[in-house]
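Down below is the structure, laid out as structure tokens.
Read-outs throughout are calculated quantities, based only on the coordinates presented, and are distinct from any laboratory measurement. Being a predicted model, the structure only gives us computed values, none of them experimental. Quick reminder, even Gly has a Cβ in these numbers, built from the backbone with ideal geometry, and neighbours come from all protein chains shown.
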Amino acid sequence: MATILQIETATQVCSVAISVNGETIALKEETAQNIHASSLTLFIEDVMKSASLKFTDLDAIAVSKGPGSYTGLRIGVSTAKGLCFALDKPLIAINTLQMMANGFLSQHPNYGGLICPMIDARRMEVFTAVYDNHLHQIETVNAKIVDEKSFVLELDNNYLTFIGDGAAKCAPVLVHQNAHFSDVNFNSAANMSNLANAAFDNENFEDVAYFEPFYLKDFVFTTPKNKLF
């Protein structure tokens, strides 16, 4: 029976959970801009106390690996790796989009269509993928600029639900009778519990020393324009 600390920081949600044998027993999360650096370690302490656990009781650390926010992922992964080094515990990495789709399916167990999680990038770009109702990947993870021609093949043949913080901005252009949108936030560490437990059972661990987040796109540094005084 695996006890796993789980961290999700890929979007503006800062979320920490503890699972035992694939079931969530403690959860602390909040949505706010730039919250991860100040709140993540506090949330970890809170869920450990809530679950009446010591850090030595943990069997593994799981982290949402991306795609998503460069800064959020960097903070989440560096925190997870630090705990793994300090506690000598294995690191589990969960694809963020798969985690979101998994959360949707846990709330809609009889759903028969496709799921398209979307993480807001900028303008009309999203990080996205498409999964079926068995969590099999139908379209690979990619950075997509969404327009009225996007997902035409999937929509013509399937009921397709768009989820995530990138879905709402795409609704005005994805007009189709089979297109549906959920405003529920599935970026929760609780949604990786069964995925992390399965990875633990299969010993699907990362190399703590070399693991890096799945940014999908390179971070672009911008230099502010010189001000005239």
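Every pair of different Cα atoms in the chain enters the Kirkwood calculation, which places the hydrodynamic radius at 18.1 Å. Kirkwood-based Rg over Rh for region 79-191 (C-alpha set), two decimals? Reported Rg/Rh, Kirkwood definition of Rh: 1.04. Region 14-76 and region 110-137 have their alpha-carbon centroids 23 Å apart.
Dipole size of the chain about its Cα centre, with +1 on Lys/Arg Cβ and -1 on Asp/Glu Cβ: approximately 800 debye, rounded to the nearest 20. Please list, or write none, the lysines whose alpha carbon is within less than 26 Å of the alpha carbon of Lys28, excluding same-chain residues fewer than 8 places away. Excluding near neighbours in sequence, the set is Lys49, Lys54, Lys65, Lys81, Lys89. Relative contact order, percent, of the chain when contacts are C-alpha pairs under 8 Å separated by at least 6 residues? Computed value for the chain: 23 percent relative contact order.
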